[in-house]
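Undergrad: This is the structure, below, for whatever I ask next.
The values are calculated or read from the model by the stated rules, or taken from the named source; none is laboratory data. A quick note: this is a predicted structure, and the numbers were derived from the prediction, not measured. Note that we place each Cβ from the backbone using ideal geometry, even for glycine, and neighbour counts take in every protein chain shown.
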Amino acid sequence: MALDRTTVPNDLSAFWMPFTANRQFKKAPRMFVAAKDMHYTTADGRQVLDGTAGLWCCNAGHARPKIVEAIEGQARQLDYAPAFQMGHPLAFELANRLRDMAPDPFQHVFFTNSGSESVDTALKIALAWHRARGEGSRTRLIGRERGYHGVGFGGISVGGIVNNRRYFGTLLTGVDHLPHTHLPEKNAFTRGQPEHGAHLADELERIVALHGAETIAAVIVEPMAGSTGVLLPPKGYLERLREICTRHGILLIFDEVITGFGRLGSSFAAEHFNVMPDIITTAKGLTNGVIPMGAVLVTSEIHDAFMEGPEHLIELFHGYTYSGNPMAAAAGIATLETYREEGLFQRAADMAPYWEDALHSLKGLPHVIDIRNMGLIGAVELEPIPGEPTKRAFSAFLKAYEKGLLIRTTGDIIALSPPLIIEKEHVDTLFETLAEVLKSLD
Ligand code: PXG
C-alpha cells in the first residue's frame, strides 16, 4: 500500500509533540504536507513562505535536487553501516570537507545526530581532555543565562532557559553561569553587534576567582544566542571571553548549531567574529535539516591528546549508533556542495543589508520595543500583554501563518531566519505581511 503523505489522520492523540501546546494544537492543527525552495504547502493547499528555514536548519531551502538525489542513491547503495570499529567512505569524506570549510585550527570531527548530542559530546570531550593531560581537577562547566544548548542533561545544565531546567531535578553539579548580554535600555534597535556589554565577559573572572581556575574545564556560549530570542554579542565581548579562557587554561566552546553554515554570511560565527574557540558544536544546517546529524569540530591539540597509549585501545568512550550514518553523511556532502556551488554563504552576506533595512522598517509599529539583526537573522521584540507573557507574540505567529508566513516566537520575541536562497521579493513579502500582522495585534 502506498504511503499517504498528504491526508491528515483523524486521530492525532498518539503523537506527543515536542515543545508544543499539544491540546491546543490538536484542536486546530497546522500541518505541512510539502515543501519546495522558499515555501511550504499546508494540508489545506496554501503556500506558506518559510521565514525560519524550518527550525533554523534548511539553509539551502527545501527539496534541493542534489540533496534529494544523494539520499535516494545512498539508500540503495548502503543504508546503514555499524558506527563502532567499522567505517564507510562517506563519513570520512564529509569529515574532510567539514575540516576544509572550517577555520584552520579545526582539524577533526566527531559525528552526532543533533545539536543536543553535539553539546553533550563537546562537554564530555572537554572533561576527558583535561583528564588526559593530567588536569582531572578541571570538572566545572560554565554556561550563560538565557543560553540554549539543547535538551540533554548536559545541555540544560549549562543552558539558561528557566523552563527547560526547572522541571528536571538537580541537573549536573558543578555548573555556573555567566550573565546574559541583553541590555535593552542601552542597546535597543541596534543594527548588528551592540556597543554596550563587553564588560559582561569579565564576570568570568569573578567565577574563576570564586571556584579557582584549576576546577574549571570549559565555558560554553552561543556566539549569537538564537533560541532565546536573538541576542548578539556586544562588541569586544567574545574577544574578552577568549582572552580570559586562554589566560586560565579553560576551553572555550562555541555552540554554532544555529550560527554554523552561513547564517551570519560566513561558514561559522568563529570566522565571522574572528574569535577562535577550542571546540565548535554544529547540527541543523549541516544536512540542511533533511536527515538528523550533528558534528563537533575540535583542534588537533584536543584530538591528539587522546591519541596516546596502546593502539588497540578505544581512545574516547563515547559515540552513537548513528554517528556518521551513511544517509546523513550523503545528505551532508550534498548540502555542503549545494552551499558551495550556489555561493550561499556569500549570498547571505550580500542580502544582509537589504534584510536589515526591511526589518528595521518595522520600528514604530504597535508594541515593537526592540529590533535586532545580523546576517540573515532578525528579531522583533514585542511589549508583552500585562500579566500574559508570550500571548501577544504567539498571536502574531498564528496570524502570520493564516496570512501565509512562517515565523518563530519565543517569549514575546519574533525570530526570523529564512533560507539563504531568499530573494528580495520574498524579503519584501515577508516584512509587508509581518507589518500587517503587527498592526492587527491587540
Ligand atoms: N544548541 C543550539 C545553539 C541550538 O540552537 C541546540 C543546541 C539543540 O539542537 P537539537 O538538534 O538537539 O534540537 C539548538 C537547537 C528555536 C529553536 O525556535 C531552536 C532550536 C531548536 C528548536 C527551535 O529557536 N535550537
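Undergrad: Could you tell me how many of the residues in the stretch 369-409 are part of a loop (DSSP other than H, G, I, E, B) and surrounded by fewer than 18 Cβ atoms within 10 Å (Cβ to Cβ)? Quick ask: steps written out before the conclusion?
TA: Within the stretch 369-409, the first condition is being part of a loop (DSSP other than H, G, I, E, B), and the residues that meet it are 375-376, 383-384, 386-387, 389-390, 403-404, 407.
Narrowing the set further to residues that are surrounded by fewer than 18 Cβ atoms within 10 Å (Cβ to Cβ) leaves 383-384, 386-387, 389-390, 403-404.
Number satisfying all stated conditions: 8.
Undergrad: Identify all residues within the stretch 202-260 that are more than 16 Å from the ligand (Cβ to nearest atom) and at positive phi; write none if there are none.
TA: 212, 236, 249
Undergrad: Then there is this: Return the pairs, sorted by first residue and then second, in which the second residue is assigned to a loop (DSSP other than H, G, I, E, B) and near the ligand (Cβ under 10 Å from one of its atoms), the first residue lies in the stretch 256-269 and is within 9 Å of residue 377 (Cβ to Cβ) and among the aliphatic types (A, V, I, L, M), the beta carbons are less than 8 Å apart, and the residues are 6+ apart or on different chains.
TA: If the second residue must be assigned to a loop (DSSP other than H, G, I, E, B) and near the ligand (Cβ under 10 Å from one of its atoms), the pairs left are 258/222; 258/224; 258/226; 258/227; 258/417; 264/224.
Undergrad: Test each condition in (1) away from the ligand (no atom under 16 Å from the Cβ); (2) touching a helix residue (DSSP H, G or I) at 6+ places or on another chain (Cβ under 6 Å) for residue 181 and report the one that comes out false.
TA: (1)
Undergrad: Pull out all pairs, ordered by first then second residue, where Cβ-Cβ is under 9 Å, the residues are six or more apart or on different chains, the first lies in the stretch 204-224 and is under 18 Å from residue 255 (Cα atoms) and in contact (Cβ under 8 Å) with a residue 12 or more places away in the chain, and the second is of a type in the set (Ser, Thr, Tyr) and part of a strand (DSSP E or B).
TA: 220/281
Undergrad: Separate question: Taking only the stretch 5-39 into account, find how many residues are within 16 Å of the ligand (Cβ to nearest atom) and either touching a His at 6+ places or on another chain (Cβ under 8 Å) or of a type outside the set (A, V, I, L, M) (or both).
TA: 6
Undergrad: Filter the stretch 103-127 for residues that are touching a His at 6+ places or on another chain (Cβ under 8 Å) and within 12 Å of the ligand (Cβ to nearest atom) and give the result.
TA: 115, 116, 119, 121
Undergrad: Here is a follow-up. In the stretch 410-421, which residues are surrounded by fewer than 24 Cβ atoms within 10 Å (Cβ to Cβ) and more than 16 Å from the ligand (Cβ to nearest atom)?
TA: Selection gives 421 alone.
Undergrad: From 342, 381, 388, 425, grab the single residue that is touching a strand residue (DSSP E or B) at 6+ places or on another chain (Cβ under 7 Å) and among the acidic types (Asp, Glu).
TA: That would be 381, the only listed residue that is touching a strand residue (DSSP E or B) at 6+ places or on another chain (Cβ under 7 Å) and among the acidic types (Asp, Glu).
Undergrad: Could you check how many residues of the stretch 345-356 are under 19 Å from the mean Cα position of the chain (by Cα) and buried (at least 23 other Cβ atoms within 10 Å of the Cβ)?
TA: Result for the stretch 345-356: 2.
Undergrad: Being touching a Phe, Trp or Tyr at 6+ places or on another chain (Cβ under 6 Å), β-branched (Val, Ile, Thr) and surrounded by 11 or more Cβ atoms within 10 Å (Cβ to Cβ) is true for just one of 48, 68. Which residue is that?
TA: Going through 48, 68 in turn, just one is touching a Phe, Trp or Tyr at 6+ places or on another chain (Cβ under 6 Å), β-branched (Val, Ile, Thr) and surrounded by 11 or more Cβ atoms within 10 Å (Cβ to Cβ): 48.
Undergrad: Kindly indicate which of 121, 139 is among the polar types (S, T, N, Q) and surrounded by fewer than 21 Cβ atoms within 10 Å (Cβ to Cβ).
TA: 139 is the lone residue from the list that is among the polar types (S, T, N, Q) and surrounded by fewer than 21 Cβ atoms within 10 Å (Cβ to Cβ).
Undergrad: A further question follows. If I filter the stretch 213-220 for residues that are farther than 23 Å from residue 283 by Cβ and surrounded by 22 or more Cβ atoms within 10 Å (Cβ to Cβ), do I get at least one hit?
TA: Yes, some residue in the stretch 213-220 is farther than 23 Å from residue 283 by Cβ and surrounded by 22 or more Cβ atoms within 10 Å (Cβ to Cβ).
Undergrad: Quick check on this structure: which one of 52, 41, 6 is modelled with pLDDT under 95 and in contact with a strand residue (DSSP E or B) (Cβ under 6 Å, 6 or more places away or on another chain)? Spell out the reasoning first.
TA: Details: 52 fails: modelled with pLDDT under 95; 41 fails: modelled with pLDDT under 95.
6 is the lone residue from the list that is modelled with pLDDT under 95 and in contact with a strand residue (DSSP E or B) (Cβ under 6 Å, 6 or more places away or on another chain).
Undergrad: Scan the stretch 414-433 for residues that are within 15 Å of residue 362 (Cβ to Cβ) and in contact with a Lys or Arg (Cβ under 9 Å, 6 or more places away or on another chain) and jot them down.
TA: 414, 415, 416, 433
Undergrad: Continuing with this model, one more query. What pairs come out if I take residues in the stretch 139-163 that are not assigned by TED's automatic domain parsing to the domain that holds residue 230 and part of a strand (DSSP E or B) and pair them with residues that are within 8 Å of the ligand (Cβ to nearest atom) and of a type in the set (Phe, Trp, Tyr) whose C-beta lies under 9 Å away, six or more apart or interchain?
TA: none
Undergrad: May I pose another question? Can you work out which of the residues in the stretch 261-318 that are in a helix (DSSP H, G or I) and within 16 Å of the ligand (Cβ to nearest atom) is surrounded by the most Cβ atoms within 10 Å (Cβ to Cβ)? Break it down into steps so the answer makes sense when it comes.
TA: Just the residues of the stretch 261-318 that are in a helix (DSSP H, G or I), to begin with: 269-273, 284-287, 300-306.
Okay, now just the ones that are also within 16 Å of the ligand (Cβ to nearest atom), so 269-270, 272-273, 284-287.
Working: 269: 26, 270: 25, 272: 20, 273: 21, 284: 28, 285: 29, 286: 29, 287: 31.
This residue is 287.
Undergrad: Looking only at residues that are surrounded by 19 or more Cβ atoms within 10 Å (Cβ to Cβ) and of a type outside the set (A, V, I, L, M, F, W, C) in the stretch 194-212, which one is farthest from residue 241 (Cα to Cα)?
TA: Ranking the candidates gives 194 first.
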